[in-house]
Amino acid sequence: MKQPCPLFLIVLLFPLISLAQPDSLATKILSPEQMQKDFNYLQRLLTETHPGLYRYLPKEKMDAKLDSVYQQFDKPLPFYSFYKSVLYVIANVRCAHTNALPTADFNRYIGSIRTFPFFLFPIDNKLYVIFNGSTDPQITLGYELVQINGRSSENIMQVIKKHYWSDGYIEVSKNTALQGGLFCLFYYTLIEHPDQFDVEFKDPNGNLYRTTVPAQKYGVTERAYTKNKINQKANQLYNQRHKQPWRLSFPADVPSTALIRFDGFGGKGMTTSETARLGMKKFMDDVLKKIEAKKCTNLIIDVRSNSGGWDIQGVELFTFLMKQDTAVRYYQKMHAITDSSEFLSFSDLSAEDRKNLKRESDGTLSLREEFTPELQPQLPKSNRFKGTVYILQNERSFSSAAEFLAACKTYQVGTLVGMECGGAYEGGNGASYIHAELPYSKIQIGSPLVYYSNATIGQFEPGRGTIPDHIVPIEPQDLLNNYDRQLEFVKKLIHKK
C-alpha cells in the first residue's frame, strides 16, 4: 500500500478550527547545539532508511549538500529559520513521499496561526483567486495576485517551490504547494507571518487593485469562503462535494461514451490489500455491465488530482483496460535498504512485513513476489473494456495514480490527455513509512521505506512524470467560465474519430 504523504490529505482546505492559543513556535529560538543534534538525527534517519536518498543525486553530492546546510547552524536561530533548512534538505531528496511538518499536533497548530486569507490557484506561473476569505469585498474569482507586502508573486512562488517536496524533476507538481491552504501554510512558515498584508491584484480586465487585509485564523477564512457573498459564483462552480469518490457518468454531448472518475484509490471498509482489490473489482464489474448495456465504444478514465492510496487498486483497474492478451508486469521490483535500523520502531511495519523480504546480493531487501500481488504478472480481465480509452491526468495525479498512468503509457492502454503527472514515470518511494520527531525542534519527519521500480518500457527522461500524449494546460479564463478544457479536448478527439 502506498498512502499519500500527510500534506496531500489536507492539500486544499484545512479543518475548520479557530483556537485561541498563540503560535509558540514564532518565538522559539534554537541553539547551535540543538540544531546540530536535530540535523544529525535527520541525516541518520535518511541515510539509514530512505531507499531513494541517492536516486537523483549521487552520494557525494548529497553529502556535500547536507554538510553545507549543517554549517549554517553556528549561531542561535528562530524555529522557522531552522524549519526552512529542514524543508530545503527534504526538497532535495526529490521524493514526494518525504515530508516535514512543524509539529505533531498539526490541528492545534493550524488553529493557532493567522494566515493569508485567500484561496489561490496556480495557472501558467501566475496565482489566481478562487475564494476570498478576507474582509475586503472587492476581490473575486479570477483576480490575479501581483504582490504581497512588496514581494512579487513570482518571487513568492520560487521560494515555496524551492522548499517543497516532489518526485525527481517534476516542477509542475510543486504547484500543489501554491494552492489553497498549502499556500497559506508555506507563506507563513517560509516567508513571513505578519499581522496584515498589503496586497496588489489585477482584475480580469487588467486593472490593478491595491488593498490591505488583516491576517486571520484559518477557520475564520474558511467560513468566509462559503459565507461571503463575493464567493457566490466560486461556490457554485468549485465547492461541489461528491458522496461517491468513484462514479460513472455518460456525457450527453458526446456519442457512445462513458466517463469514470476516480478521486483516489481507497474506500470505506477497504482496510487490507485484498479488500481494496475486491472493492475495485466489484466497482468495475458493475460499471462495465452498464457501459455494455449503453453500447459505449469510448471510455474516459479521469484520475486528475487523484493523490493515490492502495497500489493494488491501480493494478486492478489496469487489468480491466489492458490491450495485451497475455500477462504483463506492472511493477518490476520493490526493495528496502534496511531491516535493522532503530528508526524502524517509528514505522508502520509489522513483524510479518519483515518476514516477506529477501536479501539480495547488493544488500537491498526485496519484497517477495509470492507475497506481493502487485509484483506478480497481471492478466487481463475476461470482461475488460475493448473499446477506445482516453485517460485524463494532471500534475496532482500522484503516487499509485501516477504508477497507474505509467503502466497505461508503457502498455499503450489509451490516449493520455492533460499535464505531466506528479509521480516519476520510473517509480517513486512509499509503501511503508517512518514518522519520527526531531528531538529538540520537534519537527515531524515522514519518510518512506520502499523503493518502487515500475515496469516501464522504452526511452524516457529520468525524474519526470508520465507525459501525456496531448499536453493541455488550463487557462485563466477557464476559471471564470467553469470550462474543463482537458475534458473538452478529449470530447473533440472522440468527435473527430
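The values are calculated or read from the model by the stated rules, or taken from the named source; none is laboratory data. Quick caveat: nothing in here was measured; it's all calculated off a predicted structure. Positions of Cβ are backbone-derived with ideal geometry, glycine not excepted, and every protein chain shown enters the neighbour counts.
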Return the pairs, sorted by first residue and then second, in which the second residue is among the polar types (S, T, N, Q), the first residue lies in segment 266-293 and is more than 20 Å from Pro380 (Cα to Cα), the beta carbons are less than 7 Å apart, and the residues are 6+ apart or on different chains. Gly269/Thr275
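Quick check on my filter: what residues within segment 138-154 are outside any strand (DSSP E or B) and among the small types (Gly, Ala, Ser)? Outline the logic, then answer.
Within segment 138-154, the first condition is being outside any strand (DSSP E or B), and the residues that meet it are 138-143, 149-150, 153-154.
Passing the criteria: Gly142, Gly150, Ser153.
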The conditions are (1) more than 30 Å from Arg354 (Cα to Cα); (2) over 24 Å from the mean Cα position of the chain (by Cα); (3) not hydrophobic (A, V, I, L, M, F, W, C), and Lys84 fails exactly one of them. Which is it? (2)
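Kindly provide the set of residues from segment 264-308 that are part of a loop (DSSP other than H, G, I, E, B) and surrounded by fewer than 17 Cβ atoms within 10 Å (Cβ to Cβ), ordered by number.
Initially, segment 264-308 is screened for residues part of a loop (DSSP other than H, G, I, E, B), giving 264, 266-272, 294-297, 303-308.
Lys268, Gly269, Thr271, Thr272, Lys294, Lys295, Thr297, listed by residue number.
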Checklist (1) assigned to a helix (DSSP H, G or I); (2) touching a residue at least 60 places away in the same chain (Cβ under 8 Å) applied to Glu352, failing item: (2)
When you go through (1) modelled with pLDDT of 95 or more; (2) in contact with a helix residue (DSSP H, G or I) (Cβ under 9 Å, 6 or more places away or on another chain); (3) surrounded by 15 or more Cβ atoms within 10 Å (Cβ to Cβ); (4) of a type in the set (D, E, K, R) one by one for Asp23, which number turns out not to apply? (1)
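Can you tell me which of Thr49, Thr103 is among the polar types (S, T, N, Q) and within 30 Å of Ser366 (Cα to Cα)? Show your work before the answer.
Details: Thr103 fails: within 30 Å of Ser366 (Cα to Cα).
Within the list Thr49, Thr103, the selection yields Thr49.
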Determine which member of the set Tyr452, Tyr483, Tyr425 is hydroxyl-bearing (Ser, Thr, Tyr) and surrounded by fewer than 16 Cβ atoms within 10 Å (Cβ to Cβ). Tyr483
Identify, please: which residue in segment 315-349 is assigned to a strand (DSSP E or B) and of a type in the set (Ser, Thr, Tyr) and is, among those, farthest from Phe371 (Cα to Cα)? Ser347
For Ala234, indicate whether it is of a type outside the set (Val, Ile, Thr), touching a residue at least 60 places away in the same chain (Cβ under 8 Å) and buried (at least 20 other Cβ atoms within 10 Å of the Cβ). yes
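Taking the stated definitions as given, is Asp253 among the acidic types (Asp, Glu) and surrounded by 13 or more Cβ atoms within 10 Å (Cβ to Cβ)?
Working: among the acidic types (Asp, Glu): yes; surrounded by 13 or more Cβ atoms within 10 Å (Cβ to Cβ): no.
For Asp253, the condition - among the acidic types (Asp, Glu) and surrounded by 13 or more Cβ atoms within 10 Å (Cβ to Cβ) - is not met.
Can you tell me how many residues in segment 364-378 are within 25 Å of Ser341 (Cβ to Cβ) and either outside any loop (DSSP other than H, G, I, E, B) or touching a Cys at 6+ places or on another chain (Cβ under 6 Å) (or both)?
Start the filter on segment 364-378 by keeping residues that are within 25 Å of Ser341 (Cβ to Cβ), which leaves 364-369, 371-372, 374-375.
With either outside any loop (DSSP other than H, G, I, E, B) or touching a Cys at 6+ places or on another chain (Cβ under 6 Å) (or both) added as a condition, the list becomes 365-367, 369, 371, 374-375.
Qualifying residue count for the region: 7.
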Return the residue satisfying two criteria in turn: it lies in segment 349-381 and is of a type in the set (Gly, Ala, Ser) and closer than 20 Å to Pro448 by Cα, and of such residues it is surrounded by the most Cβ atoms within 10 Å (Cβ to Cβ). Ser366
Check off (1) part of a loop (DSSP other than H, G, I, E, B); (2) over 25 Å from Asp348 (Cβ atoms) for Leu416 and give me the number that stays unchecked. (1)
Would you please name the residue that is surrounded by the most Cβ atoms within 10 Å (Cβ to Cβ), looking only at residues in segment 402-418 that are in contact with a Cys (Cβ under 8 Å, 6 or more places away or on another chain) and within 23 Å of Ile291 (Cα to Cα)? Leu405
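Is it the case that segment 382-393 has a residue that's small (Gly, Ala, Ser), more than 22 Å from Thr338 (Cβ to Cβ) and touching a residue at least 60 places away in the same chain (Cβ under 8 Å)?
Pass one, segment 382-393, residues small (Gly, Ala, Ser): 382, 387.
Filter once more, so that each one left must be more than 22 Å from Thr338 (Cβ to Cβ): 382, 387.
Pick out the ones that are also touching a residue at least 60 places away in the same chain (Cβ under 8 Å) and you get 387.
For segment 382-393, residues small (Gly, Ala, Ser), more than 22 Å from Thr338 (Cβ to Cβ) and touching a residue at least 60 places away in the same chain (Cβ under 8 Å): present.
Looking at Gly111, Gly133 in this structure, which one is crowded, with 23+ Cβ neighbours inside 10 Å and touching a Lys or Arg at 6+ places or on another chain (Cβ under 9 Å)? So that I can check it myself, show each step before the final result.
Numbers: Gly111 fails: crowded, with 23+ Cβ neighbours inside 10 Å.
Every option except Gly133 fails the conditions.
Considering only segment 244-262, I want to know if a residue exists there that is closer than 30 Å to Ser447 by Cα, under 26 Å from the mean Cα position of the chain (by Cα) and part of a loop (DSSP other than H, G, I, E, B).
Taking segment 244-262 first, the residues closer than 30 Å to Ser447 by Cα are 245-246, 261-262.
Now restrict to residues that are under 26 Å from the mean Cα position of the chain (by Cα): 245-246, 261-262.
Pick out the ones that are also part of a loop (DSSP other than H, G, I, E, B) and you get 245.
Yes; the residues of segment 244-262 include at least one that is closer than 30 Å to Ser447 by Cα, under 26 Å from the mean Cα position of the chain (by Cα) and part of a loop (DSSP other than H, G, I, E, B).
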For Thr49, which of the numbered conditions (1) buried (at least 19 other Cβ atoms within 10 Å of the Cβ); (2) modelled with pLDDT under 95 fails to hold? (2)
Among (1) over 30 Å from Phe131 (Cα atoms); (2) modelled with pLDDT under 95; (3) exposed (fewer than 14 other Cβ atoms within 10 Å of the Cβ), the one test that Lys2 misses: (3)
Listed by first then second residue, the pairs whose first member lies in segment 358-372 and is aliphatic (A, V, I, L, M), whose partner is assigned to a helix (DSSP H, G or I) and surrounded by 14 or more Cβ atoms within 10 Å (Cβ to Cβ), with beta carbons under 8 Å and at least 6 positions apart or on separate chains, are Leu367/Leu375
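Residue-by-condition table, conditions (1) within 22 Å of the chain's Cα centre (by Cα); (2) more than 20 Å from Leu53 (Cβ to Cβ):
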position	(1), (2)
Thr388	no, yes
Gln393	yes, yes
Gly430	yes, no
Val472	yes, yes
Val490	no, yes
